[in-house]
Structure formats: C-alpha cells, structure tokens
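The values are calculated or read from the model by the stated rules, or taken from the named source; none is laboratory data. Note that the coordinates shown come from a computational prediction; the quantities given were computed from them, not determined experimentally. FYI the Cβ positions are ideal-geometry reconstructions off the backbone, even for glycines, and counts take in every protein chain you see. Ligands, DNA and RNA are stripped out before the accessible areas are found, and what is left, the full protein with its side chains, is counted by its heavy atoms. Shrake-Rupley method; radii C 1.70, N 1.55, O 1.52, S 1.80 Å.
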Amino acid sequence: MKILTNAEQIVTCNTNGKNFKSGKELSELEVLTSHSIVIENDLIKDILPTQSLKNFSKYEIVDLRNKIILPGLVECHTHTAFAGSRADEFKMKLDGIHYEEIAAKGGGILKTVNAVREISLTEFVELIKPRIEDFISQGITTLEIKSGYGLDFENEIKILHAIKILDEIYPIDIVPTFLGAHTYPKEFRDNHEEYINELVNKMIPHIAKNNLAEFCDAFCETSAFSADEVDLIFSAAAQHGLKLKLHTEQFNSIGGLDVALKHKAISVDHLEVLKPEDISKLASSDIVCDLLPGVSFFLNHHFAPARELIDSGAVVALSTDYNPGSSHILDLHLIMQIAALKMQMRIEEIINAVTINAAKSLTRNDSVGSIEIGKKADFSVFNTNEYSDIIYSVGRNLNCMTIKNGEVIYSRV
Ligand code: NIG
Ligand code: FE
C-alpha cells in the first residue's frame with residue numbers, strides 16, 4: 001500500500017456521490033488539510049486525518065510537504081492527432097484575415113487533412129508522442145483525442161489506430177472520438193449526400209464494430225454540417241452504440257444545439273455564439289457544456305457565456321481544444337488562466353471544470369475526476385501551498401508530479 005502524506009491541501013472536488021457539478025455547486029471544492037490518502041493497487045482506499053495513521057511502516061510513503069494534491073486533470077476535447085503546420089495561416093490571421101475565410105479558400109481543416117493523408121502510421125505516432133508527454137507533465141491523467149483530419153475511410157481509421165497505439169504506450173487513459181464529420185473533404189465538396197452515406201454506412205459501422213472510438217462528434221456550422229445532416233449522422237452513431245458530442249454554436253447558431261439535446265449527447269462544445277434564449281435549455285439539462293476559451297483567445301473571437309451558464313445552473317467543463325488552426329495551445333493551465341481572466345469564472349469553478357465535469361464529458365466521472373474512496377488513484381500534485389496559485393501563476397505550469405492508477409508517471413520534484 002502507498003500513502004500520499006504531508007500535503008498542505010488535498011482539493012478533493014468531492015460531489016458526495018453525484019459525480020458532477022452544476023450551477024452553484026461548481027463553486028464548492030472541499031479542501032482537506034492534515035489528511036493523507038491511502039492507495040491500494042490502482043484505487044483510493046481511504047482518506048484519513050494524518051494523526052489517525054499509526055503503523056506508517058506498512059506503507060510506501062510519498063512525502064508531499066509544501067505541495068498540494070488535486071484529482072488527475074481531465075482534458076476532454078482535443079485534436080492532438082494532427083500533422084503539418086498552419087503557421088502560415090496564423091500569420092494571415094494576424095493580418096486580419098478571418099479563420100472562416102481561410103477555410104473557404106481550401107486552407108484550414110483541409111490543409112491539415114492533406115498533411116495527415118501523407119504521413120505513415122508509424123511517423124504519425126512518433127509525431128504525437130511529445131504532445132502527450134507534455135499533457136502528462138501538466139497533470140493530465142485522462143485525455144480525449146479526436147480523429148477528423150483524415151476525412152476518408154483509410155485515413156480516419158489510420159488516425160484512430162494511432163490513438164489506440166498511443167493509449168497502449170502511455171499509462172494515462174486516452175479516450176478516442178470519431179470526428180469524420182469535421183468538414184466535407186474536397187472529393188465530396190459538391191456531393192454532401194455521398195459523404196454522409198460514407199460516414200453512416202461505412203465508417204461508423206466499422207469503427208463501432210472494431211471499438212476504435214467511444215464517441216462520435218461532428219461540427220455543426222455553415223461551413224461544415226447542417227443540423228439535419230448532424231441528425232442523420234447522430235442517428236447512425238447512436239444506433240451503433242457510440243456516445244455523442246457536438247461542436248456547435250462556434251461561429252453561427254444553426255440548430256446544432258437542439259439536435260444534440262434531441263439525441264441526448266453527452267456534451268456540446270464551443271458555444272461562443274450561444275443565444276441568450278438557449279441558455280435555459282442547457283441549464284435544465286445534464287449535458288456538459290465544454291467551453292474552449294483558447295479558441296476565442298487565439299482567434300480574437302467572442303468568449304462563451306460561462307458566467308451566465310453557471311449562474312443559470314448548467315454543467316460547465318473547460319478544455320484546450322488543442323488543434324493547429326483555432327487553438328494551437330497545448331496548455332490546459334493557460335486555458336484555466338484565460339477562463340479566469342476573460343470569462344469571469346471563479347478559481348473553484350475552473351478547478352471543477354477540468355476535473356469532475358471534464359470527466360463527466362467523457363463519461364468517466366464514476367471512476368475519475370474527484371478524490372473519493374473507490375475512485376482511481378489519479379492525481380496531479382502542484383508545487384504550492386494554496387490552490388489559487390495554479391491560476392494566479394499565469395503562463396506557468398506548477399504541476400510537479402502526475403500519478404496515474406497509483407503510480408508516479410511524471411515527477412520534477
Ligand atoms: O474545435 N471547430 C472545428 N474544429 C476545430 C478546429 C480545427 C482546425 O482548425 O483544424 C475546433 O475549433
Ligand atoms: Fe474542437
């Protein structure tokens with residue numbers, strides 16, 4: 001047995017069994033002092049006042065003096081599996097050219113698709129490895145990665161295979177999402193029906209049958225898929241047992257939200273242009289609102305109405321949306337800091353948003369996302385005495401140890 005002891009604070013994000021936080025609950029963190037965490041195998045066996053522990057010699061001791069413990073962070077929305085660079089488009093954006101304008105000219109997602117189609121599986125895995133190692137060094141123990149830059153059978157499967165290989169290599173949990181409906185590939189630019197047919201009758205059945213993805217995602221946007229098209233794709237995905245997520249209300253509000261709610265999607269992601277009258281639909285549902293402030297920061301675009309969503313009772317999570325075009329930000333800590341500075345989220349709300357609520361966004365909230373007896377022994381350890389410093393230290397990563405399934409997988413103590 002192992003024991004984590006002497007930490008200045010244990011931020012548990014305890015939900016008393018509810019396993020997610022909505023509205024006002026997001027401001028509750030539960031902070032324990034003078035407590036120790038007992039780990040048996042890969043699980044949290046006990047959380048006890050340190051004073052009450054007698055026979056220390058039976059434990060392997062991890063001394064976390066001058067440090068604090070949080071649940072392992074959960075990164076619930078990334079496009080980490082990309083190849084190539086879009087630095088040229090970044091320069092265009094700095095000159096004032098809009099993201100959607102670049103995409104309409106064949107740049108954007110389709111530029112990354114060209115690069116992904118050219119790379120071999122082996123090279124692709126090697127390219128992605130350092131990105132995953134970077135996430136681990138930030139305290140992330142559960143990481144979602146989407147496909148979506150292949151946009152044909154062979155290349156979407158190649159991406160999902162790369163994600164599977166990476167999940168086997170690294171000790172963290174990598175959750176695969178199929179995003180074949182990211183945009184229309186150039187071959188089907190004028191034949192949307194045929195591409196939907198490929199998605200619905202070929203890709204989704206194969207991916208579900210071979211367990212290559214847990215979720216199916218889509219991009220509901222004027223430049224990508226309409227609400228009716230998403231409806232068709234979601235019906236097929238659900239029929240094959242895939243859980244649903246939706247990129248929606250990013251630049252235009254075209255009905256994606258209602259389709260996501262109709263299909264009982266697990267999350268709706270982006271929401272930068274969410275209409276005020278739609279907030280109540282989200283507030284009265286358990287659907288997770290995955291907010292991605294890195295996109296607004298990177299594209300100089302509106303921020304999602306985080307304050308209004310939380311104040312009206314919604315379940316809010318936060319994520320990097322790490323991708324080469326709209327949020328080239330491989331840094332969940334910076335995202336947390338932007339959420340505080342630009343979306344008026346409180347520090348406690350932010351911590352719950354990247355732990356228990358992000359875990360709900362991946363339907364892993366019964367096993368990770370909070371420090372509770374019986375959950376996985378996944379922790380992020382920070383080099384500070386007080387949790388506010390994680391957000392206050394803008395531009396810095398204070399994580400100094402990552403523990404997954406009870407094992408230290410990263411340390412710079
Ligand atoms: O979440 N919105 C669509 N997809 C990504 C961007 C992908 C890209 O630009 O490569 C996003 O912002
Ligand atoms: Fe995204």
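For the reader, a short list of remarks on this structure follows.
- Residues satisfying the stated conditions in the range 247-279, i.e. part of a helix (DSSP H, G or I) and either more than 12 Å from ligand 1 (Cβ to nearest atom) or of a type in the set (D, E, K, R) (or both): Leu257, Asp258, Val259, Ala260, Leu261, Lys262, Pro276, Glu277, Asp278, Ile279
- Sole exception among (1) under 21 Å from Phe303 (Cα atoms); (2) surrounded by 18 or more Cβ atoms within 10 Å (Cβ to Cβ); (3) within 15 Å of ligand 2 (Cβ to nearest atom); (4) not acidic (Asp, Glu) for Thr183, by number: (1)
- Listed by position, the strands (runs of 3 or more DSSP E) contained in the range 1-70 that have at least 3 residues being open to solvent by 50 Å² or more (accessible area, probe 1.4 Å) are 43-49, 60-63.
The rows are residues; the columns are (1) within 14 Å of ligand 2 (Cβ to nearest atom); (2) out of contact with any strand residue (DSSP E or B) (no Cβ under 8 Å at 6 or more places or on another chain); (3) within 30 Å of Lys404 (Cα to Cα); (4) not hydrophobic (A, V, I, L, M, F, W, C).
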position	(1), (2), (3), (4)
Ile165	no, yes, yes, no
Ile172	no, no, yes, no
Met203	no, no, no, no
Ile207	no, no, yes, no
Ile233	no, no, no, no
Ala238	no, no, no, no
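- The set of residues in the range 133-169 that are within 16 Å of ligand 1 (Cβ to nearest atom) and crowded, with 21+ Cβ neighbours inside 10 Å comprises Leu143, Glu144, Ile145, Lys146, Ser147, Gly148, Tyr149, Gly150, Leu151, Glu156, Ile159.
- Any hit, the range 219-226, residues being part of a helix (DSSP H, G or I) and within 16 Å of ligand 1 (Cβ to nearest atom): no
- Candidates Leu291, Leu244, filtered to the one that is farther than 19 Å from Val354 by Cβ, among the aliphatic types (A, V, I, L, M) and either touching a residue at least 24 places away in the same chain (Cβ under 8 Å) or crowded, with 21+ Cβ neighbours inside 10 Å (or both): Leu244
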